[in-house]
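Input: a single structure, listed below in C-alpha cells.
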Amino acid sequence: MGAAKDEKPAKDDERLDAKDDEAEVEVEVEVVKEPSDVFMHSLPLLSTVDHYTRLAAKSAGKRVVGVLLGHNVNGKVHCTNSFAVPFEEDVKNPSIWYFDQHYLEDMFAMFKKVNSKEAIVGWYSTGPKLKQNDMEIHELVRNYTAHPVYIIIRVEEDNVAESMPCTAYKAVEQIENETSGPQMTFTHLNTTLRCSPMEEIGVVHLLRDIQDYTVSSLATQVKEKINGMKAIAAKLTEIKDYMEMVVSGKLPLNHNILYEEGGK
C-alpha cells in the first residue's frame, strides 16, 4: 500500500511538468502578422543585381526571380537576405511559366543551417512592372509563408526620378462587383531602406572596386583634360612635321590639307 501511495504524487508532478512544457511551447510560437511595412536591406539588393547581371549575359531582357529571407515582427518585414531561384516564362503567353520549388527547398535548407533565425518572407523579381502571372507565383510562395511580400527591384536606371530602387506589395482580397466575388490583387506597402553597420562596411568595400563612368569627379575631370591635351599636342606635332617637310621640298604643297589645318 505504501508503494501505491508514493506513485501518485509522481504522476501529478509529471502532469505539472507537461503543462509547463506546453506553456513554454506556446510562448515560443511566433504569430506572423499581415505585412504593414517593409525594411529592405542592402544585401538582397546587391544579390539581385548580381543575379540579373549574370543572367543578362545569356538572355538579355528577361527578368530574374528569387526568394527573400528575413523575419516578420508584428507586421514589419525585414528583408535581410535572398537567393536566386531558376525561373522561366513565356513572354508571349504569361500563363506558361516555371518556378523550381525543389531548388527553393534545397537552398532554404542550407540557409537554415547557416542562420536558423531567417525565414522565407516573400519573393522578388526585376519586373520592372507587375505582370499577369505574378499573383500565381505569389500564391505558390504562400506555401512557405502565410503572408509573403512581393518586391520589384529595379536593376536599371530607366527611371532615375524614382527615389527608391524597389517597390513592395502584398496580396489582398478586393471585391470589384457583387457578381464576380472577391479577387486577389496587389497593394503597395511602405518601404524603407535599412543597412546594418556590417552591411555598410561591405557596401563601401564593394563600391571601391566599381568605377561608374556616369558619375564625374574632380579627379576624373582632371584626367580627361590631361588626356585631351596630350591628344592636341600629338596633332600639333604631326602638323609641324608636315609643314617642315613641305618647306624642305620633301612633300608637295597640298592646298586641301592647308585649308583643313587652317580651319582647325
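Mind listing just one residue for me: the one in the range 178-191 that is open to solvent by 60 Å² or more (accessible area, probe 1.4 Å) and within 17 Å of Y150 (Cβ to Cβ) and, of those, farthest from the chain's Cα centre (by Cα)?
Among residues in the range 178-191 that are open to solvent by 60 Å² or more (accessible area, probe 1.4 Å) and within 17 Å of Y150 (Cβ to Cβ), the one farthest from the chain's Cα centre (by Cα) is Q183.
List the strands (runs of 3 or more DSSP E) inside the range 30-139, counting only whole elements, that have at least 3 residues being in contact (Cβ under 8 Å) with a residue 40 or more places away in the chain.
By residue number, 37-41, 65-73, 76-84, 119-125.
Residue by residue through the range 50-92, note down the ones that are over 15 Å from P148 (Cβ atoms), of a type in the set (A, V, I, L, M) and either in contact with a Gly (Cβ under 7 Å, 6 or more places away or on another chain) or modelled with pLDDT under 90 (or both).
L55, A56, A57, A60, A84, V91
Hey, any hits in the range 81-88 for a residue that's touching a strand residue (DSSP E or B) at 6+ places or on another chain (Cβ under 8 Å), acidic (D, E) and open to solvent by less than 80 Å² (accessible area, probe 1.4 Å)?
Within the range 81-88, not a single residue is touching a strand residue (DSSP E or B) at 6+ places or on another chain (Cβ under 8 Å), acidic (D, E) and open to solvent by less than 80 Å² (accessible area, probe 1.4 Å).
If we scan the range 111-127, do we find a residue that is among the polar types (S, T, N, Q), in contact with a helix residue (DSSP H, G or I) (Cβ under 9 Å, 6 or more places away or on another chain) and within 24 Å of D37 (Cα to Cα)?
yes
The conditions are (1) among the hydrophobic types (A, V, I, L, M, F, W, C); (2) modelled with pLDDT of 85 or more; (3) touching a Phe, Trp or Tyr at 6+ places or on another chain (Cβ under 9 Å), and L251 fails exactly one of them. Which is it?
(2)
The values are calculated or read from the model by the stated rules, or taken from the named source; none is laboratory data. As the structure is a prediction and not an experimental result, all values here were calculated from the model. Glycine gets a Cβ as well: all are built from the backbone with ideal geometry, and neighbour counts include every protein chain shown. With ligands, DNA and RNA removed, areas are computed over all heavy atoms of the protein, side chains included. Shrake-Rupley method; radii C 1.70, N 1.55, O 1.52, S 1.80 Å.
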